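Here the structure comes first, spelled out in structure tokens, and everything after it is commentary.
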Amino acid sequence: MATYGEGEPTDNAVQLMQNLSDESFEFSKGEHKLGGLKYVIFGLGNKTYEHYNVISRQVDEYLTKMGAIRIGQRGEGDDDKSMEEDYLEWKDGMWDAFARVMNVEEGQGGDTADFAVSEIVDSHPPEKVYRGMIPSVIQTGHCVYIFFFTLGELSARALARSKGIHDAKNPYASPISVSRELFQNTYNRSCVHVELDIEGSGITYQHGDHVGVWPSNPDVEVERLLCALGLSEKRDTVIGIESLDPALAKVPFPVPTTYATVLRHYIDISAVAGRQILGVLAKFGPTPEAEAYLRNLNTQKEEYHAVVTEGCLKLGELLQLAAGNGIKLAPTTENTTAWKIPFDIIVSSIPRLQPRYYSISSSPKLNPNSIHVTCVVLKYESAGSRIPPRAIFGVGSNFLLNLKHAANGETTPATLFPAYAIEGPRGAHREGMIYKAPIHVRRSTFRLPTNPKSPIIMIGPGTVSCPLRCYI
């Protein structure tokens, strides 16, 4: 159970929390009791916030009050440190308690995929494929430039171009009306201000709401993992994905699609590789040394922290490193050893690429038809002594930087910032020189006092003035 904002549940848990807290709500046996229920619970939170893990604690309290029996201890993950390490430390004790209470033995299902991936050999209508990259080659003088126009709709409504409510399940492709750089004198640092046009979209917002921007993964990481998985030549092969148990796991993104589209638009390959997945992937090592390297990181917490966490290693980079290739700035099939990892495992093990949320720096009173985002572009150097320092880039802010450069007819410096395929699905995110960003608004319960005479202390972190613009 996750907690965000001012101690609020996630959108998909709101109804559950209402049912648990409402004593008049009747469950299947016609009463507000759950005496036959046994449960385990792990909370997701961040200790830097006042209401740390309050939702998981409330659920635990509600269930206990209604007669349910918790198995093992309640786990709490702290995203300010390492959520995964907190989970790994909790789960072993939980499984021991679970086995005793339920009288079962742990099986060998940990390496089993949740989904089955199959290549579609029969012809499939291109207009019905949530597709990957279509290359366009342009030659100028002695240089050949390859541009990739991506197709990777985020929803069925986006593919059909049908109208409807724009939300987290159906983002709106918002035209960028204004974009500019706020750090004028520092070339290596950037703070972008982007104004997103929402006129005619049906989207509204209030003070304190957040805008979710849906980025894609940068080109270099997509190429790196295609090479590391031996899928470079099959990048545009159409694939279908089915859940092996639809009651437990639904396919998390639209299908049919392609290998490249999954890596670019749908799963989070830009995150630091988790320790748990390394044990699953180790057995597919191309050499005994590569297998041993991953198993050591999987079982040795300190070694994992020193190499992966401090080195900020993404999965593609880690596969290159384990195979003895070194981390390549320009990955190719020639400099990257291929691992025979089933794509079923990749889809099952890597979470969905999520939107990045930003404070809205505009006022709905002054700017009802546009949403403003002001953010510092994240770029820093990796720490640690095991891996040579290299530049680390935030996915969402650098995606916005690419859009800002394109909207103003500027060139993204390839040596300073990663490049993204910003044309969008079937070129839908560009009309002439107008570029679009897929967005939705997340409501917040934060509101100013209704009495305008009430004293307010406002603290602006990060970009300082931008959260205050909408109130002043």
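For every residue, the table says whether it meets (1) within 24 Å of Ser349 (Cα to Cα); (2) not basic (Lys, Arg).
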{"position": "Gly35", "(1), (2)": "no, yes"}
{"position": "Arg57", "(1), (2)": "no, no"}
{"position": "Gln73", "(1), (2)": "no, yes"}
{"position": "Gly77", "(1), (2)": "yes, yes"}
{"position": "Met94", "(1), (2)": "yes, yes"}
Checklist outcome for this item: Looking across the stretch 271-283 at residues that are surrounded by fewer than 23 Cβ atoms within 10 Å (Cβ to Cβ) and outside any helix (DSSP H, G or I), the single one that is farthest from the chain's Cα centre (by Cα) is Lys283
Checklist entry - Is it the case that some residue within the stretch 53-66 is at pLDDT 85 or above and outside any helix (DSSP H, G or I)? => result yes
Item to check | Criterion: crowded, with 18+ Cβ neighbours inside 10 Å, touching a residue at least 12 places away in the same chain (Cβ under 8 Å) and closer than 23 Å to Glu8 by Cα - qualifying residue of Leu44, Leu34 | outcome: Leu44
Checklist entry - Filtering the stretch 378-400 down to residues that are among the aliphatic types (A, V, I, L, M) and under 18 Å from the mean Cα position of the chain (by Cα), which residue is nearest to Ser190 (Cα to Cα)? => result Leu378
Checklist entry - Hey, among the residues in the stretch 284-308 that are in contact (Cβ under 8 Å) with a residue 40 or more places away in the chain and within 18 Å of Ser349 (Cα to Cα), which one's surrounded by the fewest Cβ atoms within 10 Å (Cβ to Cβ)? => result Phe284
Item to check | Verdict on Lys29 being closer than 24 Å to Lys91 by Cβ and loosely packed, with under 15 Cβ neighbours inside 10 Å | outcome: no
Item to check | Given (1) more than 30 Å from Pro171 (Cβ to Cβ); (2) touching a residue at least 12 places away in the same chain (Cβ under 8 Å), number of the condition Tyr358 does not satisfy | outcome: (1)
Checklist entry - Say we look at the stretch 337-393 and pick out the residues that are in a strand (DSSP E or B) and of a type in the set (Val, Ile, Thr); which of these is nearest to Val307 (Cα to Cα)? => result Ile392
Item to check | Matching residues in the stretch 178-190 - criterion: being surrounded by 16 or more Cβ atoms within 10 Å (Cβ to Cβ) and either modelled with pLDDT of 90 or more or under 23 Å from Gly432 (Cβ atoms) (or both) | outcome: Ser179, Glu181
Item to check | Given (1) charged (D, E, K, R); (2) over 14 Å from Ile346 (Cβ atoms); (3) modelled with pLDDT of 95 or more, index of the condition Arg275 fails | outcome: (3)
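A quick yes/no check of all residues on (1) under 23 Å from Ala116 (Cβ atoms); (2) aromatic (Phe, Trp, Tyr); (3) outside any loop (DSSP other than H, G, I, E, B); (4) free of Cβ contacts under 8 Å to residues at least 12 places away in the same chain:
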{"site": "Gly202", "(1), (2), (3), (4)": "no, no, no, no"}
{"site": "Tyr205", "(1), (2), (3), (4)": "no, yes, no, no"}
{"site": "Val220", "(1), (2), (3), (4)": "no, no, yes, no"}
{"site": "Leu225", "(1), (2), (3), (4)": "yes, no, yes, no"}
{"site": "Gly230", "(1), (2), (3), (4)": "yes, no, no, no"}
{"site": "Ile241", "(1), (2), (3), (4)": "yes, no, yes, no"}
{"site": "Leu248", "(1), (2), (3), (4)": "yes, no, no, no"}
{"site": "Val251", "(1), (2), (3), (4)": "yes, no, no, no"}
{"site": "Pro254", "(1), (2), (3), (4)": "yes, no, no, no"}
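The values are calculated or read from the model by the stated rules, or taken from the named source; none is laboratory data. From a predicted model like this one, the values you see are computed outputs, not experimental measurements. Ideal geometry is used to build each Cβ from the backbone, glycine not excepted, and the neighbour counts take in all protein chains shown.
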